[in-house]
1. How large are Rg and Dmax for the chain when only the alpha carbon atoms are used, in Å?
2. Mind checking the angle between helix 103-113 and the chain's longest principal axis? C-alpha axes, 0 to 90 degrees, to the nearest 10.
3. For n ≥ 4 DSSP H runs only, could you compute -39500 (n - 2.57) per run for the chain, divide by its residues and tell me the 222 nm figure to the nearest 500?
4. Can you say what percent of the DSSP beta bridges in the chain, counting only those with both residues inside, are antiparallel? Round to 5.
5. Output the 0 to 90 degree angle, nearest 10, between the alpha-carbon long axis of helix 230-241 and the longest principal axis computed from the alpha carbons of the chain.
6. Below 8 Å between Cα atoms, with a sequence gap of 6+, how large is the relative contact order for the stretch 3-241 in percent?
7. What does the charge add up to near ILE183, with Lys and Arg as +1, Asp and Glu as -1, over the other residues with Cβ less than 14 Å from its Cβ?
8. Determine, from the Cβ-Cβ distance of ARG224 and SER117 and an R0 of 51 Å, the FRET efficiency 1/(1 + (r/R0)^6), rounded to the nearest 0.05.
Amino acid sequence: MKHIIEARNLSFSYTEDSSKILDSINLKIEKGSITAFMGLSGCGKSTLAFCFCGIIPKGLSGTMEGSVFIEENDIRELSLPSLSQKIAMVFQDVDNQLFLPTVEAEIAFALENLCFSYDEIESIVERILDTFKIRHLRYKNPSRLSGGEKHLVAIASVLSLDPQIIILDEVLSELDGENRKLIIDTVKALQELEKTIIIIDHNIENLMIADTIFFMKEGKIEERIEVDEHELLQHKLCSFFL
Ligand SMILES: Nc1ncnc2c1ncn2[C@@H]1O[C@H](COP(=O)(O)OP(=O)(O)OP(=O)(O)O)[C@@H](O)[C@H]1O
Ligand SMILES: [Mg+2]
């Protein structure tokens, strides 16, 4: 399968005098795959995701070495509007993502910024409200929703631009049974549409939908396991969690 993301000798520190949070990472993520990242808190999973979607170096300061490529393009050379149509991330801290007065406005926001027509925006918002079964939340203020509802709205709003790659940073663990199933089914449906999904999670059950799992330790990729390598995966998960 062809890869869609590549990190080449990627290192990053948030400040000049601090140690490397990401340390010489080399990896490829295949187009159309569900790829998971796991590792202990603080090992650099979210920081790596920020590098994939261009928040590093475009939005967060620090020292970045090496490169990230999306479809062979160095992300430094892609504009923010172009990046936002290729890759979207649902943040671990969802309150940082939702800031508009209604759910409808959240879903329409990226489309309005990219100057979609009124009719296009209306039709995409209607479709997304139905797909995520959140029509009843349409005029509610996101800040007043439950944690699970906020995550659903955050996922719904990043999907409005129909990006090629979607990163879910510790999202599945935040959802209850029914909403978790809805998102897992959505992830599988997106994979059928050849979307690439990146999941960061601690829960083994959530990781089992991945094709490939990268284990991270102290800013490095310690191991890459294909999920069909059952014995190796079980051994690895047992040694990780026990
Ligand atoms: N904005 C920042 N400025 C300085 N240091 C940061 C910043 N964000 C994260 N860090 C530090 O970088 C390291 C890696 O953080 P990161 O959030 O990437 O880890 P993580 O693997 O996602 O952890 P978790 O599982 O808790 O979400 C941590 O030591 C963290 O304190
Ligand atoms: Mg994190």
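Where a number appears in this text, it was derived from the coordinates with a stated rule and is not lab data. Here the structure is a predicted model, which is why all the values come from computation and not from measurement. Neighbour counts run over all protein chains shown; Cβ positions are idealised from the backbone, glycine included.
1. Cα-based Rg and Dmax for the chain come out at 17.7, 54 Å.
2. 80
3. On the way: 9 runs with 89 residues, N = 242.
That calculation yields -11000 deg cm²/dmol at 222 nm.
4. Details: 21 of 38 bridges.
Antiparallel bridges: around 55 percent, rounded to the nearest 5.
5. The helix 230-241 is inclined about 90 degrees to the chain.
6. Values: 427 pairs, mean separation 65.9, N = 239.
The value is 28 percent.
7. Numbers: positive: LYS133, LYS150, ARG180, LYS181, LYS188, LYS195; negative: GLU149, ASP169, GLU170, GLU174, ASP176, GLU178, ASP185, ASP201, GLU205.
Neighbourhood net charge equals -3.
8. Values: r = 43 Å, r/R0 = 0.85.
Efficiency computed from Cβ-Cβ geometry: 0.75.
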